[in-house]
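Below you'll find the structure, written out as structure tokens, and then a few comments.
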Amino acid sequence: MTTTTLAPAPGRTGTPKPAPSPIPLSRITAVELRKSFDTRSGFWLLASIGITAVLATGAVLLWAPDSELTYDTFAAAIGFPMAVILPMIAVLSVTSEWSQRSGLTTFTLVPHRSRVILAKALVAIGVGVASMLLAFGIGAIGNIAGSAIAGVPTVWDDGFGVLGYIVLGNVLGLLVGFMLGTVIRNSAGAIVAYFVYSFVLPTLSMLLANGQQWFRDLQPWIDFNFAQGQLFNGSMSGEQWAHLGVAGTIWLVAPLAAGLAMLMRSEVK
Amino acid sequence: MITVASLTRTYGAFTAVDDITFTAEAGRVTGFLGPNGAGKSTTMRIMVGLTPATSGTAHINGQRFSDLPNPGLEVGVLLDASAQHAGRTGREILTVAQRMMGLPARRVDEMLELVSLTPDEAGRRVRHYSLGMRQRLGIATALLGDPGVLILDEPANGLDPAGIRWMRDLLRGYADQGGTVLLSSHLLHEIEVIADDLVVIGQGRIVAQGTKAELLRAAGTLVRTHDAPRLATALTASGMSVVPSTTTGGTDALRVDADPELVGKVAQQAGIALAELRAADGAGLEEMFLELTADTQREGAVA
């Protein structure tokens with residue numbers, strides 16, 4: 001590294017500049033989108049969505065019995081890795097500002113943390129929905145190819161309504177990751193919490209429901225994972241929407257509100 | 001201009017920043033000096049809204065930091081050069097900031113050139129940067145928006161002597177063109193050569209502030225003798241304030257709040273032979289720094 005004694009900063013004229021205009025939310029969102037691609041881990045996390053979708057499609061083509069070669073099978077196979085990866089993207093978009101300490105710069109360039117967090121949420125949901133659409137596309141190609149190879153009719157058993165439910169289910173899962181990132185603000189901690197949230201708690205809830213009648217009646221209302229699971233079954237009754245709303249308020253909306261309140265007041269170190 | 005008024009930050013029973021009031025003027029370099037843990041960084045974090053103040057205010061050009069529409073264009077901030085995503089390249093970190101501020105892309109190249117990071121270095125991930133390179137990148141980020149105010153926390157850390165010299169010239173130039181520069185350090189010599197004004201902080205409180213010239217003058221006279229206790233008594237009797245000095249490394253030195261000539265007369269009248277008698281400036285500021293912050297020094301070994 002050479003050190004040259006340069007003249008003072010170029011462009012620094014000392015004359016008063018016109019008052020700067022505020023940073024629009026669209027710009028913050030665009031920068032946050034860039035930030036989710038521009039590290040090696042971020043890039044591969046996003047790339048893994050496409051990769052796992054292709055792998056899952058390939059697995060169905062290779063191993064599923066001919067009778068199972070329907071769009072629903074492809075959608076389900078692709079949906080599983082997606083349900084794990086999307087929340088991780090949401091977790092890291094929030095926690096990396098703290099774990100990597102880049103928040104020191106981010107929150108001094110935009111001192112309104114709520115705007116940064118809103119931009120991150122928009123990016124996470126946008127990436128989630130775009131990924132799902134990409135995955136559905138890969139699944140559709142797989143379905144056409146699979147039925148052609150096996151010589152069976154191509155079955156489109158999932159309509160747009162069903163796919164819409166799947167997108168909503170995954171976006172909710174992604175928001176759970178976002179919520180945990182906001183509350184915990186530490187990458188490792190939030191990822192562990194996500195797995196506890198989505199794999200340990202449902203198991204405990206199921207065991208409790210099997211053993212206790214009173215809990216079995218209550219479970220759809222207070223087990224968010226259970227209520228969310230209905231979305232992946234392809235149809236939702238009015239009561240099931242109510243279940244989702246109540247459980248979602250308890251497990252997603254309330255902690256998210258608390259996490260945001262803490263985040264706005266916390267120190268960025 | 002940075003105006004800090006009665007700023008206080010407490011953590012439970014601990015007061016990290018205790019009723020701090022000072023102004024960093026435009027066109028001047030203000031040195032923010034204090035030992036480790038004195039509250040410098042906390043004060044700077046409060047200025048830029050990363051830490052909420054318990055009470056008091058900090059204003060930049062008369063505005064609260066959070067009211068600045070696009071802060072990067074008005075205030076350049078470097079709080080911790082290591083606080084960057086280790087997986088981004090140096091160029092990418094600058095590009096992210098450039099986009100957020102809404103600046104033209106060429107600004108990134110201008111800044112890389114200004115801080116002497118080669119295209120090859122700029123393309124490396126920050127994980128592989130030395131501390132000196134991180135500091136240069138941090139300074140580049142701070143200068144990116146051509147701000148009128150700079151807030152830099154220990155910017156010389158990790159720079160080699162040539163780098164320190166380079167930064168000094170850069171900041172001097174900035175202030176000479178009307179910019180406000182506030183930089184912190186726990187190293188007096190580093191600050192002494194560049195600052196116009198000094199704010200000395202210890203245990204969260206301001207222990208001294210003023211222009212460097214004023215503070216140097218206040219440092220008085222340094223006198224050495226083999227009979228320090230007797231001279232101290234004589235000087236005190238003449239109404240001078242006397243403190244033991246460790247500047248010389250021995251126990252035979254005193255620092256006196258009076259002119260050397262006066263001290264010499266008192267010594268002559270008392271019949272005490274002097275080993276050394278001189279104005280205490282230069283060494284004086286360091287002594288003042290050690291002394292003023294003695295209570296807060298972990299070593300606590302002054303005098």
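Quick test for you: out of B:VAL96, B:VAL108, pick the one residue that is closer than 28 Å to B:ILE60 by Cα and within 7 Å of chain A (Cβ to nearest Cβ).
That would be B:VAL96, the only listed residue that is closer than 28 Å to B:ILE60 by Cα and within 7 Å of chain A (Cβ to nearest Cβ).
Return the residue satisfying two criteria in turn: it lies in segment B:195-217 and is modelled with pLDDT under 90 and charged (D, E, K, R), and of such residues it is surrounded by the most Cβ atoms within 10 Å (Cβ to Cβ).
The residue in question is B:LYS212.
Scan segment B:57-77 residue by residue and report those that are under 12 Å from B:MET47 (Cα atoms), at the interface with chain A (Cβ under 9 Å from one of its Cβ atoms) and in contact (Cβ under 8 Å) with a residue 24 or more places away in the chain.
The answer is B:VAL75, B:VAL77.
Quick check: is even one residue across segment B:22-39 at pLDDT 95 or above and over 17 Å from B:THR211 (Cβ atoms)?
no
Which one of the conditions (1) crowded, with 19+ Cβ neighbours inside 10 Å; (2) at pLDDT 85 or above does B:GLU192 fail to meet, given that it meets all the rest?
Checking B:GLU192 against (1) crowded, with 19+ Cβ neighbours inside 10 Å; (2) at pLDDT 85 or above, the one that fails is (2).
Considering (1) surrounded by fewer than 21 Cβ atoms within 10 Å (Cβ to Cβ); (2) more than 14 Å from chain A (Cβ to nearest Cβ); (3) part of a helix (DSSP H, G or I), say which one B:LEU231 fails and leave the rest.
(1)
Quickly run through segment B:116-152 and pick out the residues that are within 10 Å of chain A (Cβ to nearest Cβ), assigned to a loop (DSSP other than H, G, I, E, B) and in contact with a strand residue (DSSP E or B) (Cβ under 8 Å, 6 or more places away or on another chain).
Result: B:LEU144, B:GLY145, B:PRO147, B:GLY148.
Can you name the residue in segment A:225-249 that is out of contact with any Pro (no Cβ under 9 Å at 6 or more places or on another chain) and closer than 18 Å to A:THR203 by Cβ and, of all such residues, is surrounded by the fewest Cβ atoms within 10 Å (Cβ to Cβ)?
Out of the qualifying residues, it is A:PHE232.
Matching residues to (1) under 19 Å from A:SER21 (Cα atoms); (2) in contact with an Asp or Glu (Cβ under 6 Å, 6 or more places away or on another chain); (3) outside any helix (DSSP H, G or I):
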| site | (1), (2), (3) |
| --- | --- |
| B:GLY56 | no, no, yes |
| B:GLY76 | yes, no, yes |
| B:SER82 | no, no, yes |
| B:ALA86 | no, no, yes |
| B:ILE93 | no, no, no |
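Which condition number in (1) within 14 Å of chain A (Cβ to nearest Cβ); (2) farther than 30 Å from B:TYR11 by Cα is the one that B:GLY239 fails?
The one condition B:GLY239 does not meet is (1).
Tally up the residues in segment A:151-174 that are at negative phi and assigned to a loop (DSSP other than H, G, I, E, B), please.
Qualifying residue count for the region: 7.
The values are calculated or read from the model by the stated rules, or taken from the named source; none is laboratory data. Values in this document were obtained by computation on a predicted structure and should not be read as measured data. Ideal geometry is used to build each Cβ from the backbone, glycine not excepted, and the neighbour counts take in all protein chains shown.
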